[in-house]
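For reference, the structure discussed in these notes is given below.
The values are calculated or read from the model by the stated rules, or taken from the named source; none is laboratory data. Note that this is a predicted model, so its numbers are computed, not measured. Cβ: placed from backbone, ideal geometry, glycine included. Neighbour counts: every protein chain shown. For the accessible areas, the whole protein counts, side chains as well, though only heavy atoms, and no ligand, DNA or RNA atoms are used. Shrake-Rupley method; radii C 1.70, N 1.55, O 1.52, S 1.80 Å.
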Amino acid sequence: MTQKTKIYLIAFIALIILAAFGYFYFIKNNYSYPAEYKMNLTHISDIAETAKYGKAAGGNCYLATTAMLLKHFDPSIEFWKVFVYQGSAVSFNYYWPNGANGGTMANLADSSTGILLTAASNLGYTPHVRMNRFVNGGMGSGWPDMAKKLGGDFRYHYFSQPMDEYKSIIASDIPLGTSGSPCHDDFNVIEGYSEKELFAIIPDPSDVNRTDPKISCPIGSGLTHTVFWFTPDGNKISDKDLMLKMKGAVNGSLEAMERYIKNLKEGADVIEFSQKIYLGREFASMYLQEQGYIELATGYKKSTELLLPLVNIYPPDINKKESKDSIIAQMEKVLENEKSLVKYWEAVN
């Protein structure tokens, strides 16, 4: 190690120590909260909600968590509308997570992070996000950019979790969402705390072999995963602007579908075909019907029916020839159907 490198290393360590000192002696002491606080949020299950409107589909705990947080402020908010308000419910995209020869993953245009933050923002809520800089994807996840893009409040933490801030937020009657907690290593809601426990709500309690979604667990090392919450800002997107956002995703999605089908026919493997493609169209059809766009509502309902046979295709079966053939056959029908809807989108302005 050169002398210059040693100097840089010492300076970096000193900076870390100063940052720690600043947190423990300044920021930490700015929060006050009672010894215990607990709300009573309405439980929402993504499996139960999707079963109401079509096929029960898991893997959407992130959205159920978001819906629970927002419903605490507005009881009229529904799971399916949170999904629609992301603005890309009728989109389609795919990518190659392991390179061009490593297989495809098909999904909507936005990631789960983008969907939940954008949906909340479009519904009139400002996102607030806290993340450990060094764990759980902190160095390369989409949370920081998306939160800042939406005008939200984002901060990293580096050492111990900012539990004082979290407790202060909860004591302000604002529930927290997290991508994992001591209660459950997946998305869940924190609706309260005591001196030694956290009170959580699990979207799908069967994930932890329970029937009761409300659970308490020791605080332990705190909330080490990403934590987020929302505050009302009154800037809900208009129905007109939401329709224009949905319209803006149409042409690019049709082009992506054509490329996707072509790649599969040329031998590309399928790693995942997301249920969100089906759900987005199911819920978009409901919204379009509500807004009076009958032809579009009917058209996307047809896409939902065409996609239904693909909902139960999961790894490891997804790379079997019959699964891939089924995806190609159904997606060709979806592509043809959604191309026929373009003329109705042209009337949306």
Treating only Lys and Arg (+1) and Asp and Glu (-1) as charged, each at its beta carbon, one finds that the chain has a dipole about its Cα centre, in Debye to the nearest 20, of 740 debye
Percentage, to the nearest whole number, of Cα pairs in the range 202-349 over 27 Å apart: 44 percent
If you count only protein heavy atoms with a 1.4 Å probe, what accessible area per residue comes out for the range 218-347, rounded to a whole Å²? 47 Å²
About the Cα centre, charge dipole magnitude for the range 146-211 (Lys/Arg +1, Asp/Glu -1 at Cβ), debye: 260 debye
Extended-chain gain in nm, criterion 0.36 nm per residue less alpha-carbon gap, Lys55 and Tyr158: 32.9 nm
Give the calculated FRET efficiency between Thr231 and Thr42 to the nearest 0.05, with a Förster radius of 25 Å applied to their Cβ-Cβ distance. 0.85
Carbon and sulfur %, accessible surface of the range 48-188 computed with the full protein complex present, 1.4 Å: 48 percent
The farthest towards the positive end of the charge dipole of the chain, of the residues Tyr125, Pro213, Gln275, given +1 on Cβ of Lys and Arg and -1 on Cβ of Asp and Glu, is Tyr125
With n ≥ 4 as the cut-off for DSSP H runs, can you work out [θ] at 222 nm for the chain, using -39500 (n - 2.57) per run divided by the number of residues, rounded to the nearest 500? -13500 deg cm²/dmol
Based on the Kirkwood radius over alpha-carbon pairs, what value in µm²/s does the Stokes-Einstein equation return for the translational diffusion coefficient of the range 93-151 at 10 °C and 1.306 mPa s? 121 µm²/s
Over 27 Å between C-alpha atoms is what I'm after, so list which of Lys240/Lys302; Lys38/Lys149; Lys52/Lys196; Lys276/Lys339; Lys262/Lys339 land there. Lys38/Lys149; Lys52/Lys196
Counting only Cα, what are the radius of gyration and maximum Cα-Cα distance Dmax of the range 234-305, in Å? 14.7, 49
So for the chain, using the alpha carbon gyration tensor with a ≥ b ≥ c as root eigenvalues (a/c under 1.5 gives rounded; past that, a/b versus b/c decides prolate or oblate), I'd call it prolate
Can you give the translational diffusion coefficient of the range 32-113 in µm²/s, computed by Stokes-Einstein from the Kirkwood radius over Cα pairs at 37 °C and 0.692 mPa s? 217 µm²/s
What's the FRET efficiency of Asn30 with Asp239 using the Cβ-Cβ distance as r and R₀ = 45 Å, to the nearest 0.05? 0.65
Please state the equivalent ellipsoid semi-axes for the range 168-233: what are the square roots of 5 times the Cα gyration tensor eigenvalues, largest first, in whole Å? 19, 14, 11
Cys residues of the chain with no disulfide-compatible partner (no other Cys Cβ under 4.7 Å) are Cys61
Descending Cα extents along the principal axes, the range 111-251, whole Å: 49, 36, 29
